[in-house]
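Asker: Before I ask anything, let me first share the structure, which is written out below as C-alpha coordinates.
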Amino acid sequence: MKSTITEQQAHDKVEKYIQDALEALPAAAELKLFTRNRSECTDPTDNGPQGRFEISATYEVVGLDSERFPEHFTAIIQWWESHAFKVLTDSRPTIQYLFARNTGDAFDMSIKANSLGKLYLGATSPCVWPNGTPEPQALEAPAAAPPEPESEPAPARKPRRAPVDDDDFDRTDWTDGGTSF
(Lines give C-alpha, C1' and ligand atoms only; values in the text may rest on other atoms or scores of the structure.)
Protein backbone atom coordinates (compact mmCIF):
# COMPACT_ATOMS: atom_id res chain seq x y z
CA MET A 1 0.00 0.00 0.00
CA LYS A 2 2.58 2.47 -1.16
CA SER A 3 1.97 6.00 -2.34
CA THR A 4 2.20 6.59 -6.07
CA ILE A 5 2.25 9.58 -8.34
CA THR A 6 -1.20 11.12 -8.84
CA GLU A 7 -3.48 10.41 -11.77
CA GLN A 8 -2.73 13.87 -13.16
CA GLN A 9 1.01 13.25 -12.89
CA ALA A 10 0.54 9.89 -14.63
CA HIS A 11 -1.46 11.58 -17.41
CA ASP A 12 1.23 14.25 -17.81
CA LYS A 13 4.00 11.65 -17.94
CA VAL A 14 2.12 9.51 -20.51
CA GLU A 15 1.74 12.57 -22.73
CA LYS A 16 5.37 13.61 -22.22
CA TYR A 17 6.71 10.17 -23.13
CA ILE A 18 4.67 10.19 -26.34
CA GLN A 19 5.69 13.75 -27.24
CA ASP A 20 9.35 13.04 -26.48
CA ALA A 21 9.38 9.79 -28.48
CA LEU A 22 7.85 11.65 -31.43
CA GLU A 23 11.07 13.66 -31.63
CA ALA A 24 12.85 10.46 -32.72
CA LEU A 25 10.75 10.49 -35.90
CA PRO A 26 11.08 12.80 -38.93
CA ALA A 27 9.88 16.40 -38.52
CA ALA A 28 6.86 15.69 -40.75
CA ALA A 29 5.42 13.33 -38.08
CA GLU A 30 2.43 14.69 -36.20
CA LEU A 31 0.21 13.19 -33.53
CA LYS A 32 -3.54 12.76 -33.87
CA LEU A 33 -5.29 11.59 -30.69
CA PHE A 34 -6.76 8.11 -31.11
CA THR A 35 -7.71 7.10 -27.52
CA ARG A 36 -7.24 8.29 -23.98
CA ASN A 37 -8.21 5.96 -21.13
CA ARG A 38 -8.45 5.69 -17.38
CA SER A 39 -8.79 2.01 -16.49
CA GLU A 40 -9.21 0.51 -13.05
CA CYS A 41 -6.42 -1.87 -12.09
CA THR A 42 -8.61 -4.91 -11.54
CA ASP A 43 -5.71 -7.33 -11.86
CA PRO A 44 -2.65 -5.26 -10.95
CA THR A 45 0.71 -6.83 -11.57
CA ASP A 46 1.83 -6.12 -8.02
CA ASN A 47 -1.23 -7.83 -6.46
CA GLY A 48 -2.12 -4.53 -4.85
CA PRO A 49 -5.53 -3.30 -3.74
CA GLN A 50 -8.29 -2.07 -5.98
CA GLY A 51 -9.02 1.63 -6.32
CA ARG A 52 -5.96 2.40 -8.42
CA PHE A 53 -5.98 3.28 -12.10
CA GLU A 54 -3.83 3.04 -15.23
CA ILE A 55 -3.72 6.12 -17.41
CA SER A 56 -3.08 5.62 -21.12
CA ALA A 57 -3.12 7.41 -24.44
CA THR A 58 -2.64 6.26 -28.02
CA TYR A 59 -1.99 8.55 -30.96
CA GLU A 60 -2.02 7.95 -34.66
CA VAL A 61 1.25 9.23 -36.11
CA VAL A 62 0.43 11.01 -39.37
CA GLY A 63 2.63 12.58 -42.03
CA LEU A 64 4.98 9.63 -42.55
CA ASP A 65 5.52 7.36 -45.55
CA SER A 66 4.38 3.84 -44.64
CA GLU A 67 7.19 2.38 -46.75
CA ARG A 68 9.61 3.78 -44.17
CA PHE A 69 7.85 2.39 -41.08
CA PRO A 70 10.68 -0.13 -40.43
CA GLU A 71 13.11 2.81 -40.11
CA HIS A 72 10.70 4.56 -37.74
CA PHE A 73 10.45 1.44 -35.57
CA THR A 74 14.25 1.40 -35.34
CA ALA A 75 14.29 5.08 -34.38
CA ILE A 76 11.71 4.48 -31.63
CA ILE A 77 13.69 1.49 -30.30
CA GLN A 78 16.80 3.67 -30.14
CA TRP A 79 14.88 6.40 -28.32
CA TRP A 80 13.44 3.85 -25.88
CA GLU A 81 16.85 2.35 -25.16
CA SER A 82 18.33 5.78 -24.46
CA HIS A 83 15.45 6.55 -22.06
CA ALA A 84 15.53 3.40 -19.88
CA PHE A 85 12.88 1.43 -21.81
CA LYS A 86 13.38 -2.26 -22.47
CA VAL A 87 11.63 -3.93 -25.41
CA LEU A 88 9.53 -6.79 -24.03
CA THR A 89 7.60 -7.74 -27.19
CA ASP A 90 8.81 -7.52 -30.76
CA SER A 91 6.34 -9.17 -33.14
CA ARG A 92 8.10 -8.13 -36.34
CA PRO A 93 8.24 -9.11 -39.13
CA THR A 94 4.85 -10.89 -38.93
CA ILE A 95 3.11 -8.04 -37.13
CA GLN A 96 4.56 -4.55 -36.96
CA TYR A 97 4.28 -4.20 -33.18
CA LEU A 98 6.68 -3.37 -30.35
CA PHE A 99 6.01 -3.11 -26.63
CA ALA A 100 8.48 -1.72 -24.07
CA ARG A 101 8.58 -0.97 -20.32
CA ASN A 102 10.60 1.69 -18.57
CA THR A 103 12.93 0.03 -16.07
CA GLY A 104 12.82 3.04 -13.75
CA ASP A 105 9.15 3.94 -13.46
CA ALA A 106 7.28 0.97 -15.05
CA PHE A 107 5.53 3.08 -17.71
CA ASP A 108 4.81 1.12 -20.88
CA MET A 109 5.02 2.25 -24.48
CA SER A 110 4.04 0.62 -27.75
CA ILE A 111 4.22 1.28 -31.46
CA LYS A 112 2.10 -0.51 -34.04
CA ALA A 113 1.66 -0.24 -37.79
CA ASN A 114 -1.16 -1.88 -39.71
CA SER A 115 -1.87 -2.99 -43.25
CA LEU A 116 -3.81 0.23 -43.90
CA GLY A 117 -0.58 2.23 -43.63
CA LYS A 118 -1.39 3.66 -40.21
CA LEU A 119 1.08 4.00 -37.35
CA TYR A 120 0.14 4.25 -33.67
CA LEU A 121 2.25 5.28 -30.68
CA GLY A 122 1.00 4.84 -27.12
CA ALA A 123 1.96 4.95 -23.47
CA THR A 124 0.42 3.56 -20.27
CA SER A 125 1.16 4.34 -16.63
CA PRO A 126 1.56 1.75 -13.92
CA CYS A 127 -1.29 1.53 -11.39
CA VAL A 128 -1.64 4.82 -9.49
CA TRP A 129 -3.87 6.12 -6.73
CA PRO A 130 -6.06 9.01 -7.93
CA ASN A 131 -4.52 11.40 -5.39
CA GLY A 132 -1.23 9.56 -4.96
CA THR A 133 -2.07 7.95 -1.63
CA PRO A 134 -4.13 4.86 -0.80
CA GLU A 135 -7.84 5.55 -0.53
CA PRO A 136 -9.27 5.12 3.00
CA GLN A 137 -11.46 2.15 1.98
CA ALA A 138 -8.36 0.34 0.66
CA LEU A 139 -6.66 0.75 4.04
CA GLU A 140 -9.45 -1.06 5.86
CA ALA A 141 -9.24 -4.82 5.99
CA PRO A 142 -12.40 -6.34 4.56
CA ALA A 143 -14.62 -7.79 7.28
CA ALA A 144 -15.65 -11.38 6.91
CA ALA A 145 -19.25 -11.39 5.77
CA PRO A 146 -21.58 -14.26 6.53
CA PRO A 147 -22.23 -16.47 3.51
CA GLU A 148 -25.17 -15.35 1.45
CA PRO A 149 -27.86 -17.83 0.50
CA GLU A 150 -27.48 -19.11 -3.02
CA SER A 151 -29.74 -17.43 -5.48
CA GLU A 152 -30.41 -17.77 -9.15
CA PRO A 153 -27.56 -16.18 -11.11
CA ALA A 154 -28.28 -12.89 -12.82
CA PRO A 155 -28.31 -12.99 -16.62
CA ALA A 156 -24.87 -12.44 -18.07
CA ARG A 157 -24.22 -8.99 -19.46
CA LYS A 158 -22.61 -8.72 -22.83
CA PRO A 159 -19.29 -6.85 -22.53
CA ARG A 160 -18.88 -3.73 -24.64
CA ARG A 161 -16.02 -5.49 -26.39
CA ALA A 162 -14.06 -8.64 -25.81
CA PRO A 163 -11.32 -8.30 -23.21
CA VAL A 164 -7.82 -8.10 -24.58
CA ASP A 165 -5.14 -9.89 -22.62
CA ASP A 166 -1.40 -9.49 -23.06
CA ASP A 167 -1.26 -12.45 -25.43
CA ASP A 168 -3.78 -10.82 -27.76
CA PHE A 169 -2.55 -7.24 -27.48
CA ASP A 170 -0.19 -7.45 -30.43
CA ARG A 171 -2.96 -8.96 -32.57
CA THR A 172 -5.40 -6.13 -31.93
CA ASP A 173 -6.37 -3.90 -34.84
CA TRP A 174 -6.38 -0.47 -33.17
CA THR A 175 -7.82 1.19 -36.28
CA ASP A 176 -11.29 -0.07 -35.45
CA GLY A 177 -11.30 0.68 -31.73
CA GLY A 178 -9.67 -2.52 -30.56
CA THR A 179 -11.44 -5.45 -32.16
CA SER A 180 -9.19 -8.50 -32.15
CA PHE A 181 -8.38 -9.98 -35.54
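The values are calculated or read from the model by the stated rules, or taken from the named source; none is laboratory data. Fair warning: this is a prediction, and the values are worked out from it, not measured in the lab. Virtual Cβ from ideal backbone geometry, glycine too; neighbours counted across all protein chains shown. Heavy atoms of the whole protein, side chains included, go into the accessibility calculation; ligands, DNA and RNA do not. Shrake-Rupley method; radii C 1.70, N 1.55, O 1.52, S 1.80 Å.
Asker: Out of the strands (runs of 3 or more DSSP E) lying entirely within the stretch 88-181, which hold 3 or more residues that are of a type in the set (A, V, I, L, M) and either within 22 Å of Ala24 (Cβ to Cβ) or at pLDDT 90 or above (or both)? So that I can check it myself, show each step before the final result.
Answerer: On the way: elements: 97-102, 108-113, 119-124.
Qualifying strands (runs of 3 or more DSSP E): 108-113, 119-124.
Asker: Read through the list (1) open to solvent by 50 Å² or more (accessible area, probe 1.4 Å); (2) touching a strand residue (DSSP E or B) at 6+ places or on another chain (Cβ under 7 Å); (3) not aliphatic (A, V, I, L, M), then give the number of the only condition that Gln9 fails.
Answerer: (2)
Asker: Here's something else I'd like to know. Filter the stretch 54-67 for residues that are in contact (Cβ under 8 Å) with a residue 60 or more places away in the chain and surrounded by fewer than 19 Cβ atoms within 10 Å (Cβ to Cβ) and give the result. Don't jump to the end; show me each part of the working.
Answerer: Initially, the stretch 54-67 is screened for residues in contact (Cβ under 8 Å) with a residue 60 or more places away in the chain, giving 54-61.
Matches in the stretch 54-67: Glu60 only.
Asker: Please pick out the residue among Gln19, Gln78 that is outside any loop (DSSP other than H, G, I, E, B), of a type in the set (S, T, N, Q) and more than 28 Å from Pro130 (Cβ to Cβ). First the steps, then the outcome.
Answerer: Values: Gln19 fails: more than 28 Å from Pro130 (Cβ to Cβ).
On inspection, the qualifying residue turns out to be Gln78.
Asker: Considering only the stretch 27-52, state which residues are part of a loop (DSSP other than H, G, I, E, B) and surrounded by fewer than 13 Cβ atoms within 10 Å (Cβ to Cβ). Steps first, please.
Answerer: Looking only at the stretch 27-52, we keep the residues that are part of a loop (DSSP other than H, G, I, E, B), and these are 27-29, 41-52.
Passing the criteria: Ala27, Ala28, Thr42, Asp43, Thr45, Asp46, Asn47.
Asker: If Ile111 passes every condition in (1) in contact with a Ser or Thr (Cβ under 9 Å, 6 or more places away or on another chain); (2) open to solvent by less than 30 Å² (accessible area, probe 1.4 Å) but one, which one does it miss?
Answerer: The failed condition is (1).
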